[in-house]
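Chemist: Below: one structure in structure tokens.
The values are calculated or read from the model by the stated rules, or taken from the named source; none is laboratory data. Please read all numbers here as calculations on a predicted model, not as lab measurements. Please note: Cβ atoms are built from the backbone with ideal geometry, for glycine as well, and neighbour counts cover all protein chains shown.
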Amino acid sequence: MTDAYPRFASIVDCVIDHAHRFPDRPAIVSEDGAVTYDRLSAQVEELAGQLLEIGVRRGDVVACLSYPRIDAYTLHLALISVGALWLGINPKYKLSEMSHIVQDAKPVAIFFVSEMDGRDYVNDVNALQSAADCIKHLVCFDNAVPGATLFSELMAEGTGRRSSAGSTARDGEDLCMIVYTSGSSGRPKGCMLRNKSMVHRGQMQVRDFDFSGDYPIVFNPWPMNHVGGIQLVSAYVMVAGGTIVFTRGFDAETMGKTVAENNINLLLLLPTMYHLMFSATSFDPDDFASVELFVFSGGSLSTGQIRQLRAIGQGRVQANYGLSEGHSTVTISTPGLDDKTLSVTVGRSRDGETRVVGDDGHECAAIGQQGELQVKREFCMLGYLNLPAATEEVFTADGWLKTGDKVELLEHGEMRLIGRMSEMYKSGGYNIYPREIEMCLEEHPDVGLAAVIKRPHEVFGEVGVAYISPKPGRQPTREELKAWCKRAIADYKIPKGFVINRNLPLLPNNKIDKVALQVAIAD
């Protein structure tokens with residue numbers, strides 16, 4: 001199905017096409033209302049005209065500080081329409097984190113919400129503007145704020161006005177957004193991403209997801225600054241002509257109701273989100289009856305968790321692997337895999353976009369060989385913003401992105417994730433990958449999530465400490481967990497410490513915050 005939209009240079013072109021073919025289909029649903037493809041297309045064009053009117057030009061960066069909402073996503077599309085770049089800022093960031101991104105990317109404007117979950121952002125936005133001469137305009141989505149234009153008034157000024165940007169402003173090679181990495185392995189870096197890659201990755205998902213409904217209706221609680229929210233879910237849905245269901249954030253207690261009320265037929269979540277979903281006191285299998293396909297991305301699921309998903313909805317489950325530098329989706333698992341393979345695979349590429357390179361620098365070809373997963377450069381990021389040395393380091397001389405993930409070749413092109421190369425530690429001379437231990441622990445019937453962190457050791461050099469979030473109502477002991485590991489993995493891999501903690505720290509993107517755990521060990 002990747003040839004479904006061969007002429008489209010950007011997802012805005014997809015939206016315009018959908019508006020002609022099924023104008024009354026809901027494009028976005030949120031807590032604040034809904035918008036059809038016909039109306040969304042018109043609003044994008046009107047806002048594009050207003051952006052040009054206030055001086056936003058091709059190549060300019062515009063920041064958006066917001067939770068998922070219709071007007072914010074309309075801004076994303078309008079920026080693409082005029083050839084400007086979207087820069088998402090997560091509302092969970094502290095001012096110092098926001099400042100780093102703003103100082104690095106130098107946006108000419110900030111569109112923002114005035115508050116979220118009791119936090120006032122007006123002072124933060126004013127501080128950002130005071131410290132950055134590049135910011136010429138402030139636009140508030142939800143309230144009248146001194147010194148800022150109200151978004152509804154900006155749109156009212158442009159009612160009936162059409163963008164003069166035209167289709168010529170949209171080019172597949174143009175940059176469309178800057179997405180900052182999570183910073184889990186250093187200070188966040190800005191990935192410069194292009195229109196053609198946004199469309200290509202969405203088309204991959206349309207083709208390779210085991211979904212046969214009329215069109216996908218997808219729950220999207222992901223942060224709008226994250227490649228998962230803006231690309232993995234939203235761009236896919238726009239390419240597919242589906243419906244995005246936005247919520248302010250991920251709330252495991254209310255998501256079942258959201259799924260049922262909106263007849264959501266595809267869930268695309270992190271493993272941590274699925275764990276929280278099943279752990280919620282409100283969890284009711286009947287709420288998920290409409291779901292045709294469950295997709296997990298950003299990590300692995302245990303066979304037990306996969307079996308839980310198989311038991312609800314239509315029970316189809318797939319793995320999706322991607323990264324910010326690769327413009328999200330790179331591989332998708334083959335439909336119909338057995339639970340054991342599905343629990344370890346990162347999927348495969350049907351387009352020849354990936355390769356596995358061993359420690360000797362040669363490409364792996366035989367089943368069982370291990371090496372770094374690399375991605376062909378064509379549809380990856382253009383590079384890191386303002387970091388030419390880091391960009392050069394992450395790409396090979398012959399044009400492949402080094403993911404830093406070690407994998408093993410399986411049958412039929414599938415690849416088993418061994419772990420992050422940057423997380424590997426040496427214990428008594430052995431190389432140890434935490435993900436292997438985490439997957440072992442997550443197979444324990446009492447364990448929901450596991451995270452293994454290294455710490456110094458005077459005898460072995462480094463050893464692992466396992467942080468465990470148990471399933472609701474369960475309380476595994478350290479002795480039980482150690483005995484469980486001893487049955488499945490070599491003694492030298494067994495963590496030397498176990499910490500039981502029901503509330504593991506999470507990053508704003510809902511992944512486990514291993515940096516915070518590492519700091520806790522150091523303290």
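Chemist: Could you check the stretch 136-159 and list, in sequence order, the residues that are touching a helix residue (DSSP H, G or I) at 6+ places or on another chain (Cβ under 8 Å), among the aliphatic types (A, V, I, L, M) and surrounded by fewer than 19 Cβ atoms within 10 Å (Cβ to Cβ)?
Modeler: The answer is Val145, Met155.
Chemist: Considering only the stretch 104-135, state which residues are among the charged types (D, E, K, R) and either in a helix (DSSP H, G or I) or under 19 Å from Met224 (Cα atoms) (or both).
Modeler: Asp104, Lys106, Glu115, Asp117, Arg119, Asp120, Asp124
Chemist: Oh, and also: Would you confirm, using the coordinates I've provided, whether Val330 is among the β-branched types (Val, Ile, Thr), touching a strand residue (DSSP E or B) at 6+ places or on another chain (Cβ under 7 Å), touching a residue at least 12 places away in the same chain (Cβ under 8 Å) and farther than 30 Å from Gln475 by Cβ?
Modeler: Yes: the conditions hold for Val330.
Chemist: Sort out which residues of the stretch 70-92 are assigned to a loop (DSSP other than H, G, I, E, B) and more than 14 Å from Val179 (Cβ to Cβ), and write them in order of number.
Modeler: If the condition is that a residue be assigned to a loop (DSSP other than H, G, I, E, B) and more than 14 Å from Val179 (Cβ to Cβ), then Gly83, Ala84, Pro91, Lys92 are the ones that fit.
For (1) part of a helix (DSSP H, G or I); (2) of a type in the set (A, V, I, L, M), each residue gets a yes or a no:
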position	(1), (2)
Ser422	yes, no
Gly464	no, no
Glu479	yes, no
Lys486	yes, no
Pro495	no, no
Val515	yes, yes
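Chemist: Just the residues that are of a type outside the set (Gly, Ala, Ser) and at pLDDT 95 or above, please, taken from the stretch 347-359.
Modeler: The answer is Arg348, Glu353, Thr354, Arg355, Val356, Val357.
Chemist: Another question, then. Within the stretch 456-506, work out how many residues are closer than 19 Å to Gln305 by Cα, surrounded by 13 or more Cβ atoms within 10 Å (Cβ to Cβ) and either within 29 Å of the chain's Cα centre (by Cα) or free of Cβ contacts under 8 Å to residues at least 12 places away in the same chain (or both).
Modeler: Residues meeting the conditions: 7.
Chemist: Follow-up. When you check Asp17 against the structure, is it acidic (Asp, Glu) and either buried (at least 23 other Cβ atoms within 10 Å of the Cβ) or over 19 Å from Gly241 (Cα atoms) (or both), yes or no?
Modeler: In short, no.
Chemist: Now a separate question. Looking at the structure I just gave you, is Ala169 within 28 Å of Gly249 (Cβ to Cβ) and either modelled with pLDDT under 95 or of a type outside the set (Val, Ile, Thr) (or both)?
Modeler: Answer is no for this residue.
Chemist: Let me ask another. Please return the ranges of strands (runs of 3 or more DSSP E) entirely within the stretch 283-349 where 3 or more residues are of a type in the set (S, T, N, Q) and out of contact with any Cys (no Cβ under 9 Å at 6 or more places or on another chain).
Modeler: In the stretch 283-349, 328-332 are the strands (runs of 3 or more DSSP E) which contain 3 or more residues that are of a type in the set (S, T, N, Q) and out of contact with any Cys (no Cβ under 9 Å at 6 or more places or on another chain).
Chemist: Those residues that are surrounded by fewer than 19 Cβ atoms within 10 Å (Cβ to Cβ) and under 13 Å from Ile101 (Cβ atoms), I need them from the stretch 125-134; list them, please.
Modeler: The answer is Ala131, Ala132, Cys134.
One line per residue, one yes/no per condition, for (1) without any contact (Cβ under 8 Å) to a residue 40 or more places away in the chain; (2) under 24 Å from Trp86 (Cα atoms); (3) in contact with a Gly (Cβ under 6 Å, 6 or more places away or on another chain):
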residue	(1), (2), (3)
Gly202	no, yes, no
Phe219	no, yes, no
Ala252	yes, no, no
Thr258	yes, no, no
Asn263	no, no, no
Met273	no, no, no
